[in-house]
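Written out below as structure tokens is the structure these notes cover.
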Amino acid sequence: MKHRANRGGGTSVPARVAPGRGGVGETAGGRAASNGRVPGFVLRFCAFWVFALALVSQAPVVERWAVDATVASLVLTLRLASVEVLLTGNLLSSGATSIEIVPDCTPLMPTLVFWAAVVAFPVPWRRRVSGLLSGGAATLVFNLARVLALFGVLVWMPRHFKFVHVYLWQTGTLLAVVALYVVWVRLQSVKA
């Protein structure tokens, strides 16, 4: 229930909110559970996630493309930063430091998780497509920063590489995807 100020300057009077018009707050809680929106969201999310995993597992070209795109963006970024980099397949080398880009080094899975949540969210498709495009770009930029930071850790603190790679950045990626999704959901309430 929303409140609006009484024109007479006194106390506020409760205003009725039409079902389905409560914006993000309603979708995240309140009437959402009684309307079946939360179970619907979970089912749509899981369906998209299963579809995406099946696609990736049955079409290796998707992972290959993700690796190639990640390698190309890293090489371009390093060269723009005047870092001399040698590329041998998926292996990037600079000086005595080398890093191999494998499918887990790409933004593919974080992007698919974000996309599953966006597709599952009950807003018009125009907004979903906007979320898919902007979220895909954001996860790409985040992943680029992540791999570049890991490259730096490998150069300056190689003993800490495994900890930073496996624990810090994995957790950081999860938090980044959740934060990106929360920001996108909140923007939907502004547009409502």
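All of the numbers you see were taken from the coordinates with simple rules; none came from a lab. All of these numbers come straight from a predicted model, not from anything done at the bench. Counting neighbours? That spans all protein chains shown, and the Cβs are built from the backbone with ideal geometry, glycine included.
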Next on the checklist: Give me the base-10 log of I(q)/I(0) for the stretch 24-191 at each q in 0.09, 0.13, 0.17, 0.19 Å⁻¹, Debye formula, one uniform scatterer per Cα, rounded to two decimals.
Outcome noted: -0.38, -0.72, -1.06, -1.22
Checklist entry - Which net charge results when you count Lys and Arg as +1 and Asp and Glu as -1 among the other residues whose beta-carbon is under 15 Å from that of VAL164? => result +2
Next on the checklist: With 10 angstrom as the radius, rank THR88, THR106, THR173 by how many other C-beta atoms surround their C-beta, starting from the fewest.
Outcome noted: THR88, THR173, THR106
Checklist outcome for this item: Taking N as the number of residues in the stretch 33-92, the ratio of its alpha carbon radius of gyration to 2.2 N^0.38 Å works out to 1.84
Checklist entry - Where Lys and Arg each count +1 and Asp and Glu each count -1, what net charge lies around LEU180 among other residues with Cβ under 14 Å from its Cβ? => result +2
